[in-house]
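The structure appears right after this line, and notes come after that.
Where a number appears in this text, it was derived from the coordinates with a stated rule and is not lab data. Every value quoted in this text rests on a predicted model; they were computed, and no experiment measured them. Cβ placement follows ideal geometry from the backbone for every residue including glycine, while neighbour counts extend to all protein chains displayed.
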């Protein structure tokens, strides 16, 4: 049988071992990606300061030589940003691929080593689904470590620079971050339960397909195709319904999560415009 939501949340030695094994397989690529990610952050964060220098030292006094120097620096920063971004994505993809390959091989050897009684008791659809989705989830987690590290570090640096340049504008521009974190915490639990429900539906459908494919002679010999079709259609519809529930949740989260930064930007432009007009 498939795991319930509470069972899926439990931290057992098998899951910890799987995460540790995946980390060992992708550790080199993760560390390389984090190092490149720090360089990417530097090229992104430095852009406003280069633009400020170009305006203050080149454009305002009309010094075209100084302006050209800073423009070249801006272009170079953009090129380096693109290069480092590509290297970061490559390292993240490699980390996930190494973890995925290692886990699938280890899990395959483990399943083949189990006694026949386990296979008689276990749900084949659940086993096939977990071999596919669980391994992919762990490898995706290893893949995303690089992206999380890069973006989290960039957010911290940008917030610090904004607060240093102007405390009030910095607070206005970053006030939405606590709300976004609370929203993410609330959505995570709902997303987890709906993901487990989708996996349960996929396991049931996989088991039905397995029975029909490997027992096709029995199915056709006894003429039970309408009965099997009646089992298949509700299981397929259940997957579609649970997948759409995940889509609706993700759409709501994306909408609200994208609106909060936009509102903060509007407030920031309004306050900055007032300061610019008042001199």
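With R₀ set to 30 Å, the beta-carbon distance separating residue 131 from residue 187 gives a calculated FRET efficiency near 0.65. The peptide list 135-143, 54-62, 93-101, put in order of mean Cβ contacts within 10 Å with the highest first, becomes 93-101, 135-143, 54-62. Rounded to two decimals, the Cα radius of gyration of the range 46-88 over 2.2 N^0.38 Å is 1.29.
Axis angle, to the nearest 10 degrees, between helix 13-45 and the longest C-alpha principal axis of the chain: 20 degrees.
Extents of the chain, largest first, come to 90, 38, 34 Å (Cα atoms, principal axes, whole angstrom). Spin-label model, residue 270 to residue 53: label points 7 Å out along the Cα-to-beta-carbon direction sit 3.6 nm apart. Rounded to whole Å, the principal axis extents of the Cα atoms in the range 41-128 read 83, 17, 15, largest first.
Taking every DSSP helix (H) stretch of at least 4 residues in the chain, weighting each as -39,500 (n - 2.57) and dividing the sum by the residue count yields a mean residue ellipticity at 222 nm of -32000 deg cm²/dmol.
Compared with the dominant Cα axis of the chain, that is its longest principal axis, helix 225-278 is turned about 10°.
Peptides 253-259, 204-210, 79-85, ordered by how many other C-beta atoms sit within 10 Å of their residues on average, highest first, read 204-210, 79-85, 253-259. State whether the range 40-192 is rounded, prolate or oblate according to the following rule on the C-alpha gyration tensor (a ≥ b ≥ c being the square roots of its eigenvalues): a/c under 1.5 gives rounded; otherwise a/b larger than b/c gives prolate, and the remaining case gives oblate. The shape class here is oblate.
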